[in-house]
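Novice: Structure in structure tokens, see below.
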Amino acid sequence: YQRGVAKHRITGHNRHNRQSGTRNKKTRLSDALINSRRVKTVAASNRKYPKRATMNAVIVDDNKTNLVIFEAILSQIENINAICFENPIDAFAYCEDLENSIDLLVVDFMMPFIDGVEFTTKFRQLQGKSEIPIIVVTAFVEPEIRYKALEAGANDFLTKPIDKVELKSRVKNML
């Protein structure tokens with residue numbers, strides 16, 4: 001009798017399983033499903049996905065310190081290339097050139113020569129730039145400024161001083 005019990009324990013058959021043959025079939029079926037899922041999961045994890053192409057974020061701010069901060073934060077995001085401009089006129093010339101690929105625009109509200117709202121308006125009028133996400137950065141909290149920027153075509157806002165986590169999250173969400 002002891003040899004029989006040991007045999008039954010090893011094979012998974014005992015008198016309870018013999019009484020209900022469907023349980024044995026269900027157990028084998030569920031084991032097969034689990035094993036097939038494991039195989040699929042392993043196969044999926046071994047796939048070679050193409051690397052995401054580098055995306056260009058154009059940053060326009062007349063304050064050099066802010067540009068350094070933006071560039072340092074964005075460099076922590078994989079596949080992001082920060083292209084920085086202190087002068088909004090130079091930045092706009094870069095944006096006008098159809099050879100330059102732009103995936104995101106971060107523009108300061110208060111700048112010399114042209115403010116962020118005017119920059120955004122002119123940027124939206126450029127060929128192929130109507131769908132590119134724009135984040136306007138401002139130290140002002142007045143809603144009127146935000147309304148103007150939204151009407152000009154901005155997608156989002158950041159307030160100064162810049163919060164590192166917030167900037168990274170917003171950029172990731174927009175791209």
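The values are calculated or read from the model by the stated rules, or taken from the named source; none is laboratory data. From a predicted model like this one, the values you see are computed outputs, not experimental measurements. Quick reminder, even Gly has a Cβ in these numbers, built from the backbone with ideal geometry, and neighbours come from all protein chains shown. These accessible areas exclude ligands, DNA and RNA; they are computed on the full protein's heavy atoms, side chains included. Shrake-Rupley method; radii C 1.70, N 1.55, O 1.52, S 1.80 Å.
Novice: How many nm is it between the label spots at Asn79 and Asn63, if each spot is 7 Å from the Cα in line with the beta carbon?
Specialist: 3.2 nm
Novice: Quote the Stokes-Einstein diffusion coefficient, in whole µm² s⁻¹, for region 115-168, based on the Kirkwood radius over alpha carbon pairs, a temperature of 25 °C and a viscosity of 0.890 mPa s.
Specialist: Estimated diffusion coefficient is 211 µm²/s.
Novice: Starting from the residue with the highest accessible area, list Lys129, Lys168, Lys122, Lys64 in decreasing order, probe 1.4 Å.
Specialist: So the residues, ranked largest to smallest area, are Lys64, Lys122, Lys168, Lys129.
Novice: When the accessible area of region 50-101 is computed with all protein chains present and a 1.4 Å probe, what percentage of it is carbon and sulfur?
Specialist: With neighbouring chains kept in place, the figure for region 50-101 is 49 percent.
Novice: Among rounded, prolate and oblate, which fits region 68-175 when a ≥ b ≥ c are the square roots of the eigenvalues of its C-alpha gyration tensor, a/c under 1.5 means rounded, and a/b larger than b/c means prolate?
Specialist: Judged from the Cα gyration tensor, region 68-175 comes out rounded (a/c under 1.5).
Novice: Relative contact order for region 130-175: what is it in percent, counting Cα pairs under 8 Å that are at least 6 residues apart?
Specialist: 45 percent
Novice: Can you list the aspartates and glutamates whose alpha carbon sits under 20 Å from that of Lys129, skipping same-chain ones fewer than 8 residues off?
Specialist: Asp61, Asp90, Glu96, Asp97, Glu99, Asp103, Asp108, Asp115, Glu118, Glu151, Asp156
Novice: Give me the net charge of Asn63's neighbourhood, meaning all other residues with Cβ under 11 Å from the Cβ of Asn63; Lys, Arg count +1, Asp, Glu -1.
Specialist: In short, -2.
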